[in-house]
Amino acid sequence: MVPQRRSNGTTDSHAGGPARPLSSEDVAALYDGLAAQYDRWDWANRLFSGPLRKRAFADAGGRVLDVACGAGTNFRYLPPTAQLVGVDISDEMVEAARDELDAIGRGGTVYRMDAQALQFPDDSFDTVVSALSTCTFPDPVAALSEMARVCRPDGRVLLLEHGRSDVELVGRFQDWRADAHYERHGCRWTQDPLAHFEAADLTVVESESFLLGMITVIEARPGSA
Ligand SMILES: C[S@@+](CC[C@H](N)C(=O)[O-])C[C@H]1O[C@@H](n2cnc3c(N)ncnc32)[C@H](O)[C@@H]1O
């Protein structure tokens with residue numbers, strides 16, 4: 001696929017969408033298969049992303065929803081007072097997340113649920129968090145809109161996202177491997193993590209980039225600016 005130029009001057013080989021877009025069912029099956037690998041490499045994941053998860057989520061308060069919680073890697077970085085609910089579309093990830101709650105001795109509930117059609121009432125969470133997820137949603141605007149809907153109007157949506165590096169050499173490597181990475185992980189790793197907030201009726205309050213621009217910590221609130 002020929003990389004396309006984004007308005008910010010970077011390129012995105014998935015600007016027109018991946019060659020073979022995955023459905024939610026495809027993504028669920030893929031992550032069912034990846035769950036054991038996530039478990040094996042959990043220590044490395046936390047070593048690399050733990051400080052950033054802490055930065056992004058340490059002051060998440062009240063009733064907290066972790067969308068696409070995976071194996072529950074965020075859970076230990078949320079304040080102990082948070083009332084935790086996690087959702088993920090992969091059965092195996094849901095099992096792993098429940099195990100993580102047991103392992104760290106925390107209360108909470110984890111459901112199998114599609115982030116694009118959350119089965120919660122409007123305004124039912126004080127804080128919505130999500131990590132490394134918008135790149136895997138078949139329809140990221142739908143999932144972000146659902147996060148906005150279930151978050152209280154005065155609540156916060158906190159995300160830790162990843163995308164194409166600001167460092168051109170690294171970005172070009174990501175462009176080169178974009179299709180292979182998507183096939184393997186269902187992940188659009190050349191995405192612009194801030195691209196879909198406006199369409200999802202979320203206002204970005206603050207965003208900060210780390211690790212050569214590949215990781216972005218985002219604070220948003222429901223509603224338009
Ligand atoms: C890269 S993993 C990140 C997991 C976890 N948030 C973390 O930081 O380690 C992406 C996760 O998104 C989940 N996911 C993808 N599409 C989803 C959807 N439509 N609804 C709910 N979960 C979804 C996958 O099953 C997977 O667990």
- Of all residues in the range 32-77 being in contact with a Leu (Cβ under 7 Å, 6 or more places away or on another chain) and assigned to a helix (DSSP H, G or I), the one that is nearest to the ligand (Cβ to nearest atom): Arg53
- Which of the residues belonging to the range 24-58 are closer than 19 Å to Phe125 by Cβ and modelled with pLDDT of 95 or more? Arg53, Ala56, Phe57
- Note on the structure: For the range 27-56 the number of residues that are over 23 Å from Thr216 (Cβ atoms), touching a Gly at 6+ places or on another chain (Cβ under 9 Å) and open to solvent by 60 Å² or more (accessible area, probe 1.4 Å) is 0
- Query: Looking at (1) within 15 Å of the ligand (Cβ to nearest atom); (2) in a loop (DSSP other than H, G, I, E, B); (3) in contact with a Gly (Cβ under 7 Å, 6 or more places away or on another chain), can you tell me which one Thr216 breaks?
  - Reply: (2)
- Note on the structure: Here the residues within the range 121-158 that are more than 13 Å from the ligand (Cβ to nearest atom) and either closer than 18 Å to Tyr77 by Cα or touching a helix residue (DSSP H, G or I) at 6+ places or on another chain (Cβ under 8 Å) (or both) are Pro121, Asp122, Asp123, Ser124, Phe125, Asp126, Thr127, Arg156, Val157
- Message: What are the pairs with Cβ atoms under 8 angstrom where one residue, in the range 25-44, is aliphatic (A, V, I, L, M) and the other, located anywhere, is near the ligand (Cβ under 10 Å from one of its atoms) and open to solvent by 60 Å² or more (accessible area, probe 1.4 Å)? Sequence gap at least six, or different chains.
- Response: Ala28/Asp91; Ala35/Glu92; Ala36/Glu92
- Message: Please determine whether any residue of the range 81-104 is closer than 24 Å to Ala180 by Cα, open to solvent by 50 Å² or more (accessible area, probe 1.4 Å) and more than 10 Å from the ligand (Cβ to nearest atom).
- Response: no
- Residue count for the range 212-225, restricted to those that are free of Cβ contacts under 8 Å to residues at least 60 places away in the same chain, open to solvent by 50 Å² or more (accessible area, probe 1.4 Å) and more than 15 Å from the chain's Cα centre (by Cα): 3
- Wholly enclosed strands (runs of 3 or more DSSP E) of the range 79-157 bearing at least 3 residues under 16 Å from the mean Cα position of the chain (by Cα): 83-88, 125-131
- Among (1) within 11 Å of the ligand (Cβ to nearest atom); (2) open to solvent by less than 40 Å² (accessible area, probe 1.4 Å); (3) under 23 Å from Leu22 (Cβ atoms), the one test that Ala117 misses: (2)
- Residue satisfying condition, being within 12 Å of the ligand (Cβ to nearest atom), touching a Phe, Trp or Tyr at 6+ places or on another chain (Cβ under 7 Å) and under 20 Å from Arg20 (Cα atoms), within set His181, His162: His181
- Item | Filter result for Arg112 (more than 28 Å from Ser224 (Cα to Cα), within 11 Å of the ligand (Cβ to nearest atom) and not aliphatic (A, V, I, L, M)) | yes
- Task: From the list His162, His196, pick out the single residue that is touching a Leu at 6+ places or on another chain (Cβ under 7 Å), open to solvent by 50 Å² or more (accessible area, probe 1.4 Å) and either free of Cβ contacts under 8 Å to residues at least 24 places away in the same chain or not hydroxyl-bearing (Ser, Thr, Tyr) (or both).
- Result: His196
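The values are calculated or read from the model by the stated rules, or taken from the named source; none is laboratory data. Fair warning: this is a prediction, and the values are worked out from it, not measured in the lab. As a convention, Cβ positions derive from the backbone with ideal geometry for all residues, glycine included, and neighbour counts pool all protein chains shown. Accessible surface is based on the protein model in full, side chains and every heavy atom, while ligands, DNA and RNA are left aside. Shrake-Rupley method; radii C 1.70, N 1.55, O 1.52, S 1.80 Å.
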